[in-house]
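I have placed the structure first, in the form of structure tokens, so that the comments after it can refer back to it.
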Amino acid sequence: QVQLVESGGGFVQAGGSLRLSCAASGHTFSISGMGWFRQAPGKEREIVASIRWDGARVYYADSVKGRFTISRDNSKNTVYLQMNTLKPEDTAVYYCALDRSFGLSVSADMFDYWGQGTQVTVSS
């Protein structure tokens, strides 16, 4: 059974930073694509960033380009999302997800497993 556990969410003022982590177990993390998604109240879940199994390719939503960085440490079975210059519109529950394919996926329906989510709240 694959388990994804997010951590690092919290409350921060606009302009601040947070680093999310997602620890994976139960699957060969090092050959899996990973992604971060978010869902704000009343809105659909949207992709934030994704990273290929080897870290060689990444994708960012336009809304976070230049502010967020996705990375992974395959020796620790962990994927990270460094979030800088946070804005109130970044407020959402953030989810990590695992994609068993070798490609770089950006659509939620391409991901096979999901974490429970971590709340990020950015005050103005």
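The values are calculated or read from the model by the stated rules, or taken from the named source; none is laboratory data. Note that the structure is predicted; figures quoted are calculated from it, not measured. Note: ideal-geometry Cβ built from the backbone for every residue, glycine included; neighbour counts use all protein chains shown. The accessibility values were calculated without ligands, DNA or RNA, using every heavy atom of the protein model including side chains. Shrake-Rupley method; radii C 1.70, N 1.55, O 1.52, S 1.80 Å.
Some observations on this one:
- Residues within the range 73-90 that are open to solvent by 40 Å² or more (accessible area, probe 1.4 Å), within 18 Å of Gly8 (Cα to Cα) and not acidic (Asp, Glu), tallied: 7
- Tyr59 being out of contact with any Phe, Trp or Tyr (no Cβ under 9 Å at 6 or more places or on another chain), surrounded by 16 or more Cβ atoms within 10 Å (Cβ to Cβ) and either without any contact (Cβ under 8 Å) to a residue 60 or more places away in the chain or of a type in the set (Phe, Trp, Tyr) (or both): yes
- Candidates Val93, Val64, filtered to the one that is in a loop (DSSP other than H, G, I, E, B), open to solvent by less than 50 Å² (accessible area, probe 1.4 Å) and of a type in the set (A, V, I, L, M): Val64
- For the range 25-40, the candidate set comprises residues that are open to solvent by 10 Å² or more (accessible area, probe 1.4 Å) and assigned to a strand (DSSP E or B); within that set, the residue that is nearest to Tyr60 (Cα to Cα) is Arg38.
- Residue list for the range 103-124, filter: under 14 Å from the mean Cα position of the chain (by Cα) and loosely packed, with under 15 Cβ neighbours inside 10 Å: Ser107, Gln116, Gln119
- Taking the range 43-55 as the range and being at pLDDT below 95 and exposed (fewer than 13 other Cβ atoms within 10 Å of the Cβ) as the test, only Asp54 passes.
- Test result for Thr69, polar (S, T, N, Q), free of Cβ contacts under 8 Å to residues at least 12 places away in the same chain and either within 22 Å of Asp109 (Cβ to Cβ) or touching a strand residue (DSSP E or B) at 6+ places or on another chain (Cβ under 8 Å) (or both): no
- The range 1-24, residues that are loosely packed, with under 12 Cβ neighbours inside 10 Å and assigned to a strand (DSSP E or B): Gln13
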